[in-house]
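Peer 1: Below: one structure in structure tokens.
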Number of protein chains: 2
Amino acid sequence: MRLSELSARSGVPTATIKYYLREGLLPPGERLSASRSEYGEAHLRRLRLVRSLIQVGGMSVARTKDVLRAAEDETLDQHEQFGAAQVALMGGGGPQGVALEPGAKAQETVDELLAEFGWEQCGNIPAYWMLVGAVASLERLGYPCDLAQLRPYAAAVEPVARFDLEVVGRYPAGDERLEAVVALTVLNEPVLLALRRIAHAHVSGSMPQGQAPARQTLS
Amino acid sequence: MRLSELSARSGVPTATIKYYLREGLLPPGERLSASRSEYGEAHLRRLRLVRSLIQVGGMSVARTKDVLRAAEDETLDQHEQFGAAQVALMGGGGPQGVALEPGAKAQETVDELLAEFGWEQCGNIPAYWMLVGAVASLERLGYPCDLAQLRPYAAAVEPVARFDLEVVGRYPAGDERLEAVVALTVLNEPVLLALRRIAHAHVSGSMPQGQAPARQTLS
DNA sequence: ATCGAGGAGATAGTGCCACTATCCTAACAG
DNA sequence: CTGTTAGGATAGTGGCACTATCTCCTCGAT
């Protein structure tokens, strides 16, 4: 198929497709001549994935490129694919990206949490630092973000992660699974957040209103 | 305190504070004279909240303003506060923001899910449309996003929402609770996402690698 | 009283990002 | 042979979040 057809079938303007080609988000088509290239279904799928990652997943073009590059490395196993995708997903922000002030116990709290859940060897992935940063922010604002606060979140997320891996495992190893890892990691994030907010609406609606809805579990 | 002290104690440049004042993210200080204003601890707290929402929560300046405006409306009860914060949080994107193609069963799936969880009256909040959009995206990419896919997410998120509401209820109704609603709604989102990814890393690391890690629960 | 530091307010500029528009040239189709 | 379309390069656009500068003002120390 031609560029124009790719554009028509994906809904993405040709100028934008050219831009994605330039940026390496989309592999070049098969050159038929100096002024004609042929694109296949794979291009269409990839293009749709790119658009979803950028528009639904809220990722930047540069990060999207890195994620896809990482996922294209066929030498990685599933664990490493998740890892590579993750690293790319948040720009590999390490400890330096967090700026803990002295006395912040955020990292300590996080370590305790991970220990409690047996997630010990996860101390150097970008998500770890993202978590430390978020906890530090909450603390800085005066919200106690201790184990008791984090535990329900970790407990909730564990079966989700297990389920995600199981789902990904259904895809045949190779290109398809690579794409599935990226798509499901990123595109289920809005699902998770939206459901949490819907649940907020439901739970707050079904509680006695106006005052504190629960007192029995106060510390 | 003066602008410069506010800047020093918050770490935000004075030019940026002025910008926030202009944009209405920060209420003006108490005017002492034509060229001097006094800021209080409340300003410092608010400023830190704004920075957290923007930098940690990834919100735009405009949305942050709307959220804070909504939260400042003291006539709302807790349920409505969550609602107002939510509406502001995602720009009130209604059905028109999603662009379902004909034949998309995303909305149907979502409705079924909400019915199954008894979250029936939540059909018009922005989060609902965010969810429909995300599900539609997954479908468009060829990932089956049916009840079986969504159920674990909804099940995971329900106790989290319950916990969130309970935590918010601990704060004295008024300014503090308003701020808590905003801060905890937004700033716990990175916590949730980071923990999911950490759990991915852990779960994938602890599974037999390379091939499908689980087959027994296949549909 | 004077003078200098610093704040308030207005306006313009910066850097980045995700496109988008315009050229030009080269085919392919009729 | 020619009009339409593709590809490639380059430059421009618009939005956003600041950031820099400039002017005027006033407070406080000398």
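The values are calculated or read from the model by the stated rules, or taken from the named source; none is laboratory data. What you see is a predicted model; the values in this text were computed from it and never measured. Here the Cβ is made from the backbone with ideal geometry for all residues, glycine too, and neighbour counts use every protein chain on show. All accessible areas refer to the heavy atoms of the entire protein, side chains included, with ligands and DNA or RNA removed. Shrake-Rupley method; radii C 1.70, N 1.55, O 1.52, S 1.80 Å.
Peer 1: Taking the condition open to solvent by 40 Å² or more (accessible area, probe 1.4 Å), more than 10 Å from chain A (Cβ to nearest Cβ) and aliphatic (A, V, I, L, M), does B:Ala115 pass?
Peer 2: In short, yes.
Peer 1: Within the range A:132-183, can you find the residues that are within 30 Å of A:Arg46 (Cα to Cα), crowded, with 22+ Cβ neighbours inside 10 Å and more than 8 Å from chain B (Cβ to nearest Cβ)?
Peer 2: Correct list: A:Val168, A:Leu178, A:Val181, A:Val182.
Peer 1: Still on this model: Give me the pairs: first residue in the range B:144-165 and in the same structural domain as B:Leu113 (by TED's automatic domain parsing), second residue open to solvent by 30 Å² or more (accessible area, probe 1.4 Å) and outside any helix (DSSP H, G or I), beta-carbon distance under 6 Å, and six or more apart or on different chains, which are they?
Peer 2: Pairs found: B:Ala154/B:Phe117.
Peer 1: Would you pick out the residues in the range B:4-30 that are more than 18 Å from A:Arg140 (Cβ to Cβ) and either within 14 Å of chain A (Cβ to nearest Cβ) or within 12 Å of DNA strand D (Cβ to nearest atom) (or both)?
Peer 2: Listed by number, the residues that qualify are B:Thr14, B:Ala15, B:Lys18, B:Tyr19, B:Leu21, B:Arg22, B:Glu23.
Peer 1: Among the residues of the range A:6-24, what is the count of those that are surrounded by fewer than 13 Cβ atoms within 10 Å (Cβ to Cβ) and more than 13 Å from DNA strand C (Cβ to nearest atom)?
Peer 2: Going through the range A:6-24 one residue at a time, the tally reaches 1.
Peer 1: Would you mind stating whether A:Arg63 is more than 12 Å from DNA strand C (Cβ to nearest atom) and under 22 Å from the mean Cα position of the chain (by Cα)?
Peer 2: no
Peer 1: Taking A:Arg45 and the conditions (1) more than 7 Å from DNA strand D (Cβ to nearest atom); (2) open to solvent by less than 70 Å² (accessible area, probe 1.4 Å); (3) in a helix (DSSP H, G or I); (4) of a type outside the set (Ser, Thr, Tyr), which numbered condition does it fall short on, given that it satisfies the others?
Peer 2: (2)
Peer 1: Quick one: count up the residues across the range A:118-131 that are within 7 Å of chain B (Cβ to nearest Cβ), over 30 Å from B:Ala42 (Cβ atoms) and hydrophobic (A, V, I, L, M, F, W, C).
Peer 2: 4
Peer 1: I would also like to ask the following. Return the pair list, or none, for Cβ contacts closer than 6 Å from residues in the range B:31-59 that are more than 12 Å from every other protein chain (Cβ to nearest Cβ) to residues that are within 16 Å of DNA strand C (Cβ to nearest atom) and of a type in the set (S, T, N, Q), at least 6 apart or on different chains.
Peer 2: Hits for this filter: B:Arg31/B:Ser37.
Peer 1: Quick check on the range A:25-36. Is at least one of its residues modelled with pLDDT under 90, within 11 Å of DNA strand C (Cβ to nearest atom) and open to solvent by less than 60 Å² (accessible area, probe 1.4 Å)?
Peer 2: yes
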